[in-house]
Each structure stands twice: as C-alpha cells, then as structure tokens.
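Below you'll find the structure, written out as structure tokens, and then a few comments.
Just so it is clear, none of the values below were taken in a lab; they were calculated from the coordinates. In this text, all values refer to a predicted model and were calculated from it rather than measured experimentally. Here Cβ is always computed from backbone atoms with ideal geometry, including for glycine, and neighbour counts include all displayed protein chains.
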Amino acid sequence: MRAIDRILSTDPEKVCVKIENGLSITYQQIKEITKANQSILKAIKRKKSGQPAIVVDISIGWKLIPVFLACFLEKLTLVPVDRLRSPNLTHFIHQQFPDVHFGPDDFNSEGEMKDEKNLQYLTHYKELKEVAFVLYTSGTTSNPKGVMLTYDNILINAEQIKDRLKLKESDCLLVARPLSYASSITGEIFAGLLAGSSFLFKAPSSSPLRIINHVKQHNVSILFLTPSLTLKLLELRSFLELTRLKAIVLSGEILYTGQFQIIRAGLPKTVAIYNGYGLTEASPRVAIHKIDTESFVEGCVGVPLNGIKIKILDEVGRKLPDQSKGVLHIKGPNIMKGYLKQKKLTREVKKNGWLNTNDLAEIRNKQLIIHGRADNTIIRHGMNIQLEEIESLLNASPFVNESVVIKRESENKKVTLEAWIVPSSTYQMSLLQKEIHSWDQKLWPDKIVLKQEMPKTQTGKLRRTGN
C-alpha cells in the first residue's frame, strides 16, 4: 500500500512516539518493529485462506502503531478491545473472535509480537475481505454492532483529516481517547502518521485531568477533546500558559455558544479551535472546520471533507431544501462496508451508498449544522422538540455550568423530561426557574435534578443514561 510505504519512509531519525519516562521511539524503530510483526502475521495468513482477523488489547498503547501497519501490509483484519474499560464488550468480542488474541504479555519490551500464537482454528469471515478494522459500538438495548471499515475507508479519511487540519511533521499529537475508537485510529494515529507527526499516548489508567501536564512537558501541539472535557480542564487550570499548543479539535458533542465562549476565552489567542462531526460508520470524520468568535454558529461543523456528499431527508425520504431540518445522509469513500454478520441492519442504514446517520441537521450556505440525534426528538404541544435544544438554553444560563436532558417514559407511555444540571457558583433555583418560565412552554423540563458532575465516558462525552 502506497500510503503505508509513505509512512514507513518518513525520516528515520524523526521521533514517532514520545514516552512519558523521557524515552522516544523513532520512525526507523517503528519500521523495524512493523517488519518483525509482519513476519508473525505472515504465518497467520498461511494457516487460513482468505482474510483472517486478530483481536488486540488496546492497553499495549503505542505498540499498536506497528501492529496496525503490519496488519495493513499483510491484509489482516484487526479487532481492538478495551478490556480495562469495557469488560462486557470485550467478552462479547471474544465470543465472536474466539481464537487469536494479543494482550500485553504477547509483546516484548521493544513492542514486537513474541510468537505465532495458536493458529490452528483461526476465525475467518468471508465478509472481512478488504476490511482493516471491526470496531464495536457498545450496545444498550441490543447486542453491540461490529462496524467494518476498509483499508481505503481509513486511509482516505485520514488523508482528508490531515489536509483539513494542516498537520505537519513538526506537530505532536496527544492521543487521549481509547484506541478502540475510530476517532483515535483514523483521526489521530493514521492522520498523524501520514503527516510524519509525533505522538504522546496518555496511559489508560491516568486521569484525563493530567492532559495539561502532558501538553506542557512534551510540547504537544494538537489536542483532540470533547467540549465537556475541555471545560472541565479549564475549571482546574488555565490553558493560557500552554504557549506551544497550536490547535484544539473538538468533537463528540454539539458545541454550544456558551461553551465556545468559555473555551475561546480560556485559550491563548494563538491556539486555533476546530469543531468536528463524525460517527464510527463514517470512519469517523465527516466535517471539521476552524471557528472563531465572529463566525461561530452553534452546531456548525463547516463544509464536508473533500469527496463526501451530504443531503437532508424528511421522515418519508424526500430531499429537503437548504435551511430545512431533517435527517442527515452521507456518501463518500469513508462510509463503512457494513455491520459484521448483520446484513439486514446494514441494508436499513446504507442504501445505494448513502448512510443514514440518524442525526438531525440542516445545510446552510453549504455549511453543515448538526442539531442532535433524531431519537432525541419528542413531540410536545404538537411540535417536534430536540433535547439538545433545551440543553442549549440551559447551558446559556449564568446559573448552569453543564446540563443534559433525559427522556423518561412511564408505564402508561407518558413522556416527561428530566434536566440534570451542574449548578454554577451563582446558582439560585428560584432565578433559574424564572428564566426557564420565560422560554416557550414546550421547552420547559418537568423536573430539575442537581448533580455534582455529569456521567461521562472515558473521553468526557456525556452519557444520557444512568441515574
């Protein structure tokens, strides 16, 4: 593969990985480890015709880079698992791929695979042809879905991201999100490798709040975070001293006006802010754009990346004109092959190459505006209401630091809205209620619950489930 050859041809003396103890791994060392791993993977392919799959525990951190590259060169499918943070999902994946699992003990200190493992009964699915990764999304009411992303999906989307962010060899990217996420694999690791950049991997066991220390100590220039986690970091320590920071890329949640204003004020003026949108089924990135105070529009993620088409459809599948809110559909070289062993579900969400994102959006002056999930829509007073619309109003209040609105349904099917809020230092319930009652009545939450902090994923993304 030309793209992989290009990565392995990066200046051999260039640092690829910075390690917290002060050591570093050069691109030449990555190349040597990749070749060693490739010899192990060749043996795997000899044991089975077609394209087999291996499962790798992401706790090995930076050692995943030469595993990724070797799998691409040998045309094997890789299934990453997060045993530490997602034990139930890991168990499910092991049932789907019961044979070849590489964990921390299967790599030596240099990052090389130790041996061929037991390859007699290697898992193989015909669907895996040209599939680079199977990434599982955690299921809540059903079994997890295995998203099949091809080599082209990953490499083309990574190139698109690299170009949009203008990544360079001189950049150092902090990889803080789990390495089983498409956002980390494509948007950070492969995009950075194609640019010849350096990486610092945050240890899974370390607190996300150590991120600022990592940035200072290792001259990190690019950060990839959610808006919520960025706000949390700003509460604890100022970013203004981070003079080496070049850009922060926000994604995973809608960026509200109040959040952007706080983040912009808390960052040095020299730091660019990007807002992005994507989903695993799109490898993941669909759009990213640079934002500033003058041009900021809530939910706007800019024009789609090169080669990606978008359209907005109504509930019966009719195309809507610009500035009309509907369900976003996307088409391009980044769209998944499908869901592993779920052909019916694949046909439901992917038709004629168009992926139904189930996200509400609109197109305004060629810019994509994201409004939230279609399944976060309820009908009140005969009108469609998005939960994110209420959250936007709450987050703009001086009495609220953070909010999430939960939809509750009783046994008699009555739907009520519960607003969880983290109050600000100026919070007074009576004043907040007075402000809420100034809104359109259909937007009033039925109940307000005070929280010390919001339930979040390891990456700082808000959870809409729990108590």
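Worth a mention:
- Checking every one of the GluC sites (Glu not before Pro) in the stretch 319-424 against DSSP loop status and a limit of 13 other Cβ atoms within 10 Å picks out E411.
- A simple charge model with +1 on the Cβ of Lys and Arg, -1 on the Cβ of Asp and Glu and nothing else charged puts the dipole of the chain at about 940 debye relative to its Cα centre.
- For the peptides 160-173, 12-25, 439-452, 280-293, the ranking by mean Cβ contacts within 10 Å, running from highest to lowest, is 280-293, 160-173, 12-25, 439-452.
- Per-residue HN-Hα couplings for the stretch 216-232 [Karplus 6.51, -1.76, 1.60; θ = phi - 60°; Hz; x = Gly/Pro]: 5, 6, 10, 6, 5, 10, 10, 10, 10, 9, 8, x, 4, 5, 4, 5, 5
- E20/D292 FRET efficiency (R0 45 Å; Cβ-Cβ; nearest 0.05): 0.85
- Each peptide in 351-357, 429-435 was scored by the mean count of other Cβ atoms within 10 Å over its residues; highest first, the order is 351-357, 429-435.
- For the residue pairs K42/K246; K63/K246; K18/K311, the C-alpha atoms sit more than 32 angstrom apart in K42/K246; K18/K311.
- Reachable aspartates and glutamates, given that their alpha-carbon falls under 20 Å from the alpha-carbon of K168 and they are not under 8 places away in the same chain: D5, D11, E13, E159, E188
- Computing Rg/Rh (Cα atoms, Kirkwood Rh) directly from the structure and comparing it against [x] 0.97; [y] 1.03; [z] 1.01 singles out [x].
- In the chain, taking the dipole from charged Cβ atoms about the Cα centre, the farthest positive-side position among G299, I312, S170 is held by I312.
- Rounded to whole numbers, the Karplus 3J(HN,Hα) couplings from phi for the stretch 283-292 are 6, x, 7, 9, 8, 8, 8, 7, 10, 9 Hz, using 6.51 cos²θ - 1.76 cosθ + 1.60 with θ = phi - 60°, and x at Gly and Pro.
- Qualifying aspartates and glutamates (Cα of each under 16 Å from Cα of K434; at least 8 residues distant if same chain): D446
- Bridge orientation summary for the stretch 214-304: considering DSSP beta bridges with both residues in this region, about 45 percent are antiparallel.
- Only beta bridges with both residues in the stretch 381-450 are counted; by DSSP, about 70 percent of them are antiparallel.
- Projecting the Cα positions of A70, L267, Y125 onto the charge dipole of the stretch 2-369 (unit charges on Cβ atoms of Lys, Arg, Asp and Glu, taken about the Cα centre) puts Y125 furthest along the positive direction.
- Distances between placed amide hydrogens fall under 5 Å for F199 paired with V17, K18, L173, all partners being 5 or more residues away or on another chain.
- Share, in percent, of DSSP beta bridges within the stretch 2-369 that are antiparallel, nearest 5: 60 percent
- Here is the list for the stretch 73-114: trypsin sites (Lys or Arg not before Pro) lying in DSSP coil, each with at most 13 other C-beta atoms within 10 angstrom of its C-beta, are K114.
- The shape of the stretch 128-246 comes out oblate: with a ≥ b ≥ c from the C-alpha gyration tensor, a/c is at least 1.5 while a/b does not beat b/c.
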